[in-house]
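Everything below concerns the one structure shown next.
The values are calculated or read from the model by the stated rules, or taken from the named source; none is laboratory data. Because the structure is a prediction, the values reported are computed rather than measured. Note: ideal-geometry Cβ built from the backbone for every residue, glycine included; neighbour counts use all protein chains shown.
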Amino acid sequence: MLKKVAILANGGDVAGFNAVIRGIVKTAENSGVEAYGFIDGYNGLLKNEYVKLSTAEDGNAEGILPKGGSIIGSSTNANVFNYKVEKENGEVEYKDLSDVCIQNIKNDGFDCIFTLGGDGTQKSARDFSTKGVNVIGVPKTIDNDVACTDITFGYNTAVSVAMEAIDRLHTTGETHHRIMVLEVMGRYAGWIALESAIAGGADVALIPEIPYDLESVASKIRNRQSRGKNFSIVVVSEGAKPKGGEMTIQGTRDNGQGVDNTKLGGIGQVVAKQLEEITGLEARNTTLGYMQRGGTPTAYDRVLSTKYGTKAMQLALEGKFGRLTVIKNGKLDDVSLEDVVGNNTKIGAVSGNTAESNLRRVSLDHDLVKTARSVGINLGD
């Protein structure tokens, strides 16, 4: 019999965090189970900082469905299996502090931990599961790159924000006869760029999965000019790279070992400058940045997040642990966390863009790629 469960939200914030939390808490309450939330993701689990969650009148989980962000915070720098610790002499070492977390869970009497996060979060969830912790994951990321699921919560809202930005750039581009470049997030997967380009009627979409040739893009722009269209909209994923080249990197974070410290960004400005030189048209770049993460979730994300939250709690009530809630072929389902991490099986291993990582990227035969090509969107190849 489940008596107490705890939720942690980890990784970059997205719209839908709170809707998932609400779904878990309400389902728990209706089943006579107490729900708690660890503060600031895995950091809270390590420090044993948590609060009771309630949807009762004036409760902290009441009225949070439309609210962006996470009422229990989140963390982007907490791999507790490879945790950065500073010694008294100022030296830094990395320790596996997962056993501290496990002891906290036992002392607190939590029967299950729900991990809301992307590939890194679910990698740690899998590692905890391997060590005997009852864990159930919920796939979160605006990048939509978690393996084994058709869609992650937070993604639809990010695409909608990018689409609105494209709509607004259209009028400026058309008025001033410019190439308008929009750089969007997505890291190593081009889902946001591709889907927002289709939704917004962009002319070009450059994604990480298809190294681009700017001459091909310029040809598309010139073709538009020849038809009297003296502006173009180019959507660029932050992880896009030229043929034979590398991704544009702003720098490297110091978030510790076992996490992806690469800070992408700047490719939009690079593409805008180069297209201006090649075509002779003025080009301007807009980097959408954190606008894609914040704010209220779309109706789609509210429903998806609620479905994920209720499904996660139902799995816990059924005693099905070590699982990730997913959407497969349009239907709510669940898969093993082992399947989610794929070959990335070493405890505490790095998540992200590695050979072992099991990220879900855009395949060249995906319907979105075929659709983009059919409506004349140039993909840089």
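General remarks:
- Condition met for P211 (in contact (Cβ under 8 Å) with a residue 60 or more places away in the chain, on the phi < 0 side of the Ramachandran plot and over 19 Å from the mean Cα position of the chain (by Cα)): yes
- Residue match in the stretch 182-192 (condition: within 30 Å of S75 (Cα to Cα) and either assigned by TED's automatic domain parsing to the domain that holds D143 or among the aromatic types (F, W, Y) (or both)): yes
- Of all the listed residues (L169, L194, L182), the sole one being of a type outside the set (D, E, K, R), crowded, with 24+ Cβ neighbours inside 10 Å, farther than 30 Å from G44 by Cα and over 18 Å from the mean Cα position of the chain (by Cα) is L182.
- Set N378, N344, N329: member being over 30 Å from I71 (Cβ atoms) and out of contact with any Lys or Arg (no Cβ under 7 Å at 6 or more places or on another chain): N329
- Members of the stretch 297-310 that are in contact with a Ser or Thr (Cβ under 6 Å, 6 or more places away or on another chain) and surrounded by 22 or more Cβ atoms within 10 Å (Cβ to Cβ): P297, D301, Y308
- Only a single criterion out of (1) surrounded by 14 or more Cβ atoms within 10 Å (Cβ to Cβ); (2) assigned to a helix (DSSP H, G or I); (3) within 20 Å of the chain's Cα centre (by Cα) is not satisfied by M313, namely (3).
- One residue from S75, S98 being buried (at least 21 other Cβ atoms within 10 Å of the Cβ), small (G, A, S), under 30 Å from V161 (Cβ atoms) and touching a residue at least 24 places away in the same chain (Cβ under 8 Å): S75
- Checked against the criteria, A147 does not count as in contact (Cβ under 8 Å) with a residue 24 or more places away in the chain and buried (at least 24 other Cβ atoms within 10 Å of the Cβ).
- Qualifying residue in the stretch 336-359 (condition: in contact (Cβ under 8 Å) with a residue 40 or more places away in the chain, out of contact with any Leu (no Cβ under 9 Å at 6 or more places or on another chain), exposed (fewer than 12 other Cβ atoms within 10 Å of the Cβ) and part of a loop (DSSP other than H, G, I, E, B)): no
- Among the residues of the stretch 262-289, those that are assigned to a helix (DSSP H, G or I) and closer than 16 Å to G173 by Cβ comprise G268, V271, A272, L275, E276, T279.
- Sole residue being outside the structural domain of M180 (by TED's automatic domain parsing), outside any strand (DSSP E or B) and not aromatic (F, W, Y), chosen from K320, K229: K320
- Selection over the stretch 122-144 of residues that are touching a strand residue (DSSP E or B) at 6+ places or on another chain (Cβ under 8 Å), assigned to a loop (DSSP other than H, G, I, E, B) and surrounded by 22 or more Cβ atoms within 10 Å (Cβ to Cβ) gives a count of 1.
- Residue in the stretch 237-256 that is part of a strand (DSSP E or B), touching a residue at least 40 places away in the same chain (Cβ under 8 Å) and over 25 Å from A165 (Cα atoms) present: no
- All positions within the stretch 234-271 that are buried (at least 23 other Cβ atoms within 10 Å of the Cβ) and modelled with pLDDT of 95 or more: V234, V235, V236, S237, E238, G239, A240, I267, G268, V271
- Here M1 fulfils each of the conditions (1) at pLDDT 95 or above; (2) surrounded by fewer than 24 Cβ atoms within 10 Å (Cβ to Cβ) apart from (1).
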